[in-house]
Amino acid sequence: MMNELQSGDPQDNRYDPHSTGSATEAASDTIANNTPDTTSTNTATGASTDAAATTSEYTNDTATTATTNAAANDTTATAATATNATATHIHFPLRQTATAIVCIAALASLWYARAVYNTHTGTSFWLFWVALALALGVWAAAIWFHWWRALPNAARIPIGIVLCVALCSFGMSQAAIASHMRDEGDRNLDYIIVLGAQVYQGSPSLVLRYRLDKAAEYLRANPGTTCIVSGGQGPNEPYAEARGMADYLEHDAGIDASRIIEEPDSTTTVENLRNSRAIIDRASNTGGASNISTAGSAASEPSIGIVTNDFHVFRSLQIAHDQGYTDVRGIAAGSPRDMLLNNMVRESFAEAKYLIKR
């Protein structure tokens with residue numbers, strides 16, 4: 001029993017000092033158990049390294065993305081700032097420039113009104129340029145204070161349509177006027193009619209002298225042509241325009257008085273041509289439309305030229321056709337160049353007035 005107690009369980013030799021192999025194995029087991037697993041350590045180390053690398057890469061990616069986003073935001077902000085700056089740089093100078101241009105045009109219109117008034121043409125059309133200056137002043141204020149934007153569409157659309165129609169009509173009338181500004185007529189016409197204009201004591205106005213000089217030039221080149229000078233006396237004229245015109249042609253231009261017929265009763269272009277036509281019918285004994293042959297030709301209709309300033313030829317021919325002239329030509333005289341703008345604009349208004357009353 002004692003031996004058994006001393007030797008212990010033969011199956012359990014963990015405490016047997018004489019069991020070398022078993023002790024060695026136990027020691028090995030102890031060392032194995034107490035020594036850290038290198039593979040596990042390496043694996044853990046690798047995992048930690050990978051985690052650290054991953055964390056580092058994520059951190060770097062996050063930082064890069066943040067940097068990129070910040071750069072993009074900075075670029076967007078810079079572009080927006082540049083755009084706003086550009087818009088501000090463009091918008092305000094354009095508004096200021098447009099306002100300045102319109103104001104200069106208004107001042108020029110006032111200056112031109114004074115120049116037209118000083119010519120003493122006998123008309124009050126210089127007031128048009130004053131009215132235009134006021135309209136341009138309102139336009140300049142509308143540009144500066146954005147009045148146009150403040151108007152509702154219900155008001156802007158009709159205003160825009162009216163302005164477009166007015167501008168198109170004005171442009172068409174100006175083109176029609178310009179189309180006859182170089183008319184020369186035909187040679188050896190039976191009659192020329194010189195339309196009247198302002199006369200002063202002892203001399204015709206500058207505009208009328210252009211007409212008379214052109215008539216004298218034509219009469220010298222065509223000895224068989226008879227001249228009718230047409231124009232009555234206005235409230236600011238010393239005598240009938242026809243009287244002053246005949247005197248100028250006879251005494252200043254050297255045209256024989258026998259070739260000049262006076263028509264001293266008319267006050268408008270319509271009356272000029274109507275009364276002159278009556279004189280031609282009486283003098284040539286054509287009887288107006290009764291001269292037309294059964295074949296429908298108008299061979300016996302006298303040929304007629306209308307002498308007037310270049311800007312006035314178109315409307316004069318238009319009126320002549322309405323008065324029954326069938327063989328009529330325009331003969332364009334010159335006009336003062338500094339007053340050409342005024343005369344052409346005035347002629348557009350006169351054309352509109354004539355068409356309305358026609």
| message | Residue pairs, Cβ under 6 Å, 6 or more apart or interchain, first in segment 113-126 and under 16 Å from Ala197 (Cα atoms), second surrounded by fewer than 15 Cβ atoms within 10 Å (Cβ to Cβ). List them. | response | Gly122/Asn236
| request: Please find, among Leu317, Leu249, Leu273, the residue that is among the aliphatic types (A, V, I, L, M), open to solvent by 10 Å² or more (accessible area, probe 1.4 Å), modelled with pLDDT of 95 or more and in a helix (DSSP H, G or I). | output: Leu317
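Would you point out which residue out of Leu163, Leu132 is outside any loop (DSSP other than H, G, I, E, B), of a type in the set (A, V, I, L, M), modelled with pLDDT of 95 or more and under 23 Å from the mean Cα position of the chain (by Cα)? Walk me through how you get there before you give the answer.
Working: Leu163 fails: modelled with pLDDT of 95 or more.
Of the residues listed, the single one that is outside any loop (DSSP other than H, G, I, E, B), of a type in the set (A, V, I, L, M), modelled with pLDDT of 95 or more and under 23 Å from the mean Cα position of the chain (by Cα) is Leu132.
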| Can you spot a residue in segment 121-141 that is among the small types (Gly, Ala, Ser), out of contact with any Pro (no Cβ under 8 Å at 6 or more places or on another chain), open to solvent by 60 Å² or more (accessible area, probe 1.4 Å) and under 30 Å from Gln201 (Cβ atoms)? | yes
| remark: Residues of segment 215-225 being open to solvent by less than 10 Å² (accessible area, probe 1.4 Å) and either among the aromatic types (Phe, Trp, Tyr) or closer than 15 Å to Glu263 by Cβ (or both), in sequence order, are Ala215
| query | Of all residues in segment 188-206, which are within 11 Å of Ile306 (Cα to Cα), of a type in the set (A, V, I, L, M, F, W, C) and in a strand (DSSP E or B)? | reply | Ile192, Ile193, Val194, Leu195
| query | Given the conditions (1) under 25 Å from Thr121 (Cα atoms); (2) out of contact with any Gly (no Cβ under 9 Å at 6 or more places or on another chain); (3) open to solvent by 70 Å² or more (accessible area, probe 1.4 Å), and given that Ile157 satisfies all but one, which numbered condition is not satisfied? | reply | (1)
| request: Please enumerate the residues belonging to segment 176-202 that are open to solvent by less than 60 Å² (accessible area, probe 1.4 Å) and farther than 21 Å from Tyr218 by Cα. | output: Ala176, Ile177, Ala178, Gln198, Val199
| note | Within segment 226-242, residues free of Cβ contacts under 8 Å to residues at least 40 places away in the same chain and either open to solvent by 50 Å² or more (accessible area, probe 1.4 Å) or not aliphatic (A, V, I, L, M) (or both) come out as Cys227, Gly232, Gln233, Pro235, Pro238
| task | Go through Ser300, Ser284, Ser348 for me and flag whichever is modelled with pLDDT of 95 or more and hydroxyl-bearing (Ser, Thr, Tyr). | result | Ser348
| field | Flag if Ser335 is small (Gly, Ala, Ser), open to solvent by less than 60 Å² (accessible area, probe 1.4 Å), over 18 Å from Ser205 (Cα atoms) and under 32 Å from the mean Cα position of the chain (by Cα) | value | no
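The values are calculated or read from the model by the stated rules, or taken from the named source; none is laboratory data. It should be emphasised that the depicted structure is a prediction, and the values quoted were computed from it without experimental measurement. Using ideal geometry, Cβ is built from the backbone for each residue, glycine included, and neighbour counts are taken over all protein chains shown. Only protein heavy atoms, including side chains, enter the accessible area calculation; ligands, DNA and RNA are left aside. Shrake-Rupley method; radii C 1.70, N 1.55, O 1.52, S 1.80 Å.
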